[in-house]
Structure formats: structure tokens, C-alpha cells
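Heads up, the thing below is written out as C-alpha cells.
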Amino acid sequence: MTTDIETVEEFRVRARNWLKATLLPAPPTIAPADTEEAWQHARRLQRVLHDGGFAGICFPTEYGGLGLTTDHQAAFTEESLPYEMPLLLNVPTLAICAASLLDLGTEEQKRTHLPAVLRGDEILVQFLSEPRGGSDLAGLTSRADRDGDRWILNGSKIWSSGAYAADYGLCLARTDWTVPKHQGLTLFLVPVHAEGVTVQRIKQVTGSTEFCQEFFDDVVLPADAVVGAVDGGWAAASRLLFHERAALGGTSPYTSGARPHLGGEADQLLRLAKATGQDGDSRVREDIGEARAMNIVRDQLIAHVTRAIATGTLPPAAGAIPRLFSAENAWLQTDTALRIAGPHGATHTPGDGADTETVGLDYLFRAAWSLAGGSTEMARNVISERVLGMPREAAADRDVPFDQVPHGR
Ligand SMILES: Cc1cc2nc3c(=O)[nH]c(=O)nc-3n(C[C@H](O)[C@H](O)[C@H](O)COP(=O)(O)OP(=O)(O)OC[C@H]3O[C@@H](n4cnc5c(N)ncnc54)[C@H](O)[C@@H]3O)c2cc1C
């Protein structure tokens, strides 16, 4: 039915005109995610996109999207870069949670939640990591026990970005303790503000309070809160993690607007060099050249791997390659920016035209880029085992019923 689809160029021109007439210019810095107001503003912007007919470009029409191609999405993203967009809703709501629901949800879940997300009415987050560690996700100990046709959820999740402002969390919990760890998990859609859920905010070294920890005390979930199959949570989580790697690696087809901010970009470095009188310094010029080259490589790598996964030349796990590269590159960009900014990175002067405040905060936050979405060490494991076919890492708990595995309880 491609004959009915607006061509990418027609779509691009229509989008360009609409964006110019409707949206304000992008603010110089991305709004911090730790105020209710920022999330409300993002919801309103998403509603504007929706009402203008530009929300959910790659989501199917039956769930409120436009049912268009990734090329339409890429064209809209390019056109939208100069404008203020609801970027807070990109990750995890659209790129990870809504994308996972699209793949795994029942018809009713998809018809209920996806249009609501695309209208800006629902924010979705991930409840995966636990205080005992996030890398060994299958070893989690939050539990959901059957009680007739409902479930009772107990346990705790942590590092949930933006949970305080969200409506639902995709929560992985253990539903069978008598089988090996990957086989006894189930994914649930948990209302964040249900009775028995306590959300506490965590203050980071940057001062941000976006991260949350949740405590679940006898939270009652209906049978239709299950996403995917009961005890099939590992397959569901693997799909979710695939979308997470795509989001972090910049290959998700479900978001509009700028990619997540991953440290300084070359023009910021240039501004910094000029503002600190170092633009003639050959060492600084070399550093900026290297940072620029790395960004070009990152963009090419993302494009290459996206194509290769789409055509089946590489397996979906190859999303770990741009994810790893993006994290390494984010470190390089933030370190370069701090080296150029020197003491200004710590003693910034507001409005100095060189974003020195961002430089200092980016540096403090940089470890997050090698942890968020699964650590870079785990990305290396994925690449070696599932892309290159190397032997699997040894694990003492493989094939052992989980209730026989010592797990610190
Ligand atoms: C910005 C940001 C946003 C996040 N958002 C969310 C969210 O919304 N929801 C959510 O559930 N979680 C979220 N997380 C948590 C994230 O998923 C975890 O930080 C990550 O999975 C690592 O888990 P951990 O921090 O518990 O480290 P651990 O699992 O305790 O690991 C500690 C260190 O040991 C290394 N390590 C562990 N196992 C191995 C192994 N087998 N081989 C080699 N090295 C290993 C790790 O790489 C890491 O360096 C977020 C994290 C960040 C930084």
C-alpha cells in the first residue's frame, strides 16, 4: 500500500512548515528532568505534536501513530532539531517502554496505553534495576505472588529515571523461585501511584533528583497487568533491553528531536576554546579535531549498524556496538571539554557564552553513560557472546533452581 504514503520529501516540507508555524526555538540547554513542571511541559508539547499530526511517526495507525517509515521519522527529526521538543518523553517512555508494549502487549494493552502515550497523557518508566545490582538482571529478587486471579508485588527497584513524574512502570519480578533464574520472571505494568508503592527520590552528585527508588509493599496487580507471558519475563525483558540499547545507541525509530545529550559536541568545544582564548593553541585544536572525528564515526556507526540489523546482516544484539561506542565517545567529549575549560569547569560564570556550567556537570555525570542502559562491560559481553559467537561467561547459578542459589537474603 506504499502508493498512499506521502513521500519523505513531501512529508519533510509539510513538517518544516508546521514546525516553523507552531513550535518555539529549542532552548539553549535541555530542561533538567527533576521538576514536575518540566514533565508537565513535555506532556503539553507531546500533545501539540499529536494534535498537529506528527506524533508516533513509526507507530502503527491503529494505536494512534502515523504508520510511516524510518525515513519519514529521520526527516522529521532533522527538521525538528531547531525547535523545542518533548525530549523528556523520548527515553524511556517512547523509545523503550512504548516500543516494548508494541512488541509484547496484548491488543487491549496496546489500544489503552499507546494512544495515551502518543497524546502525552501517559509517561512510562522502567523498573528493572534493584539495590543488589542491575547487571545480573535475571538474578533479581522482587517478587510477585499469585493470589487467585491477581498478583501481590513486594520488593524494591532503584535508579528509575523520572519515576516520580510517571504513570506506569514496566516492572520485572520473580514469579517462580523453583526454576533457574531466567525462567521464573514476569514483566508487569505497574501503576506508579498505586496503593503500596512508595517512590523516593535520590540526589546525585550533580544535584539532580531525577532518579528514584521504589518500594512495593503488597501492591495488588490485576491479571491483565502481565506483559507477555507469565514466567516469560526474560524474553520480554530481552526485547525491552534491545529497545534500550537502540535508544542509548541512537538507533531507535520511535523518537523525534535531538538524541540524548552525550557530553560536549564539537561546536561547544570550539566556543569553549574561543571563550578561554585557546582557539589558536595547536594541542586544543587537535583535541577538538579528534572529538569532531569521533562524533562523525559515531553517527556513521549508528547508521551502519541500524541498516545491518534491519537487513539481517547483524543480529539485534549488535545494538550493543553503537551503545558501547556512544559511551566511550561521551567520556572523550566530556574529558576534552573539561580539559579545555580548565578551572572554569568548576568555577563557571553564568552567561559566559561557553557553557562552562554544563562542562562541569557533564564531567560529574559522565560515569552514567557507561552504566545507563546496561554497563559498557555488559555491552562488551553481549558483543563477544551474541555478535561474535565467543564462549559464554562462566556462571555458577546457570541451570540451578533460584531458591537454591545463595543471593544475600
Ligand atoms: C543515567 C541512568 C539511568 C538509569 N535509568 C534506569 C531506569 O530507568 N530503570 C532502571 O531499572 N535502571 C536504570 N538505571 C540503572 C542501570 O540499568 C544500572 O546502573 C546498570 O544496569 C548497572 O547496574 P548497577 O549500577 O547496579 O551496577 P552493578 O550491576 O552492581 O555492576 C557494578 C559494576 O560491575 C560490572 N559488572 C557486573 N557484572 C559484570 C559481568 N558479568 N562482567 C563484567 N562486568 C560486570 C558492571 O559493569 C559495573 O561496572 C540507570 C542508570 C543510569 C546511570
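Just a few scattered comments:
- Residues of the range 143-157 that are within 12 Å of the ligand (Cβ to nearest atom) and buried (at least 20 other Cβ atoms within 10 Å of the Cβ): Lys157 alone.
- Looking only at residues in the range 33-68 that are modelled with pLDDT of 95 or more and among the polar types (S, T, N, Q), the one that is nearest to Lys20 (Cα to Cα) is Gln46.
- Filtered by the rule that a residue be part of a strand (DSSP E or B) and either surrounded by 22 or more Cβ atoms within 10 Å (Cβ to Cβ) or of a type outside the set (D, E, K, R) (or both), the range 217-240 gives Val219, Val220, Leu221, Pro222, Val226, Val227.
- Taken over the range 172-206, the criterion of being within 19 Å of the chain's Cα centre (by Cα), under 11 Å from Ala144 (Cβ atoms) and of a type outside the set (A, V, I, L, M) is satisfied by Phe188 alone.
- If you go through the range 29-69 and keep only what is farther than 15 Å from Asp121 by Cβ, without any contact (Cβ under 8 Å) to a residue 40 or more places away in the chain and of a type outside the set (D, E, K, R), you end up with Thr35, Gly52, Gly53, Thr61, Leu66, Gly67.
- Among the residues making up the range 336-386, those that are β-branched (Val, Ile, Thr), away from the ligand (no atom under 16 Å from the Cβ) and at pLDDT 90 or above are Thr336, Ile340.
- Exclusive hit being open to solvent by 20 Å² or more (accessible area, probe 1.4 Å), within 11 Å of the ligand (Cβ to nearest atom), closer than 30 Å to Pro27 by Cα and of a type in the set (Gly, Ala, Ser), set Ser135, Ser129, Ser161: Ser161
- Within the range 112-133, the set of residues being free of Cβ contacts under 8 Å to residues at least 40 places away in the same chain, part of a loop (DSSP other than H, G, I, E, B) and of a type outside the set (S, T, N, Q) is empty.
- Look at (1) touching an Asp or Glu at 6+ places or on another chain (Cβ under 8 Å); (2) not in a loop (DSSP other than H, G, I, E, B) and you find that Ala173 fails only one, number (1).
The values are calculated or read from the model by the stated rules, or taken from the named source; none is laboratory data. Worth saying up front: this structure is predicted, and the values here are computed from it rather than measured. Using ideal geometry, Cβ is built from the backbone for each residue, glycine included, and neighbour counts are taken over all protein chains shown. Calculation scope for accessible area: heavy atoms of the full protein, side chains included, ligands and nucleic acids excluded. Shrake-Rupley method; radii C 1.70, N 1.55, O 1.52, S 1.80 Å.
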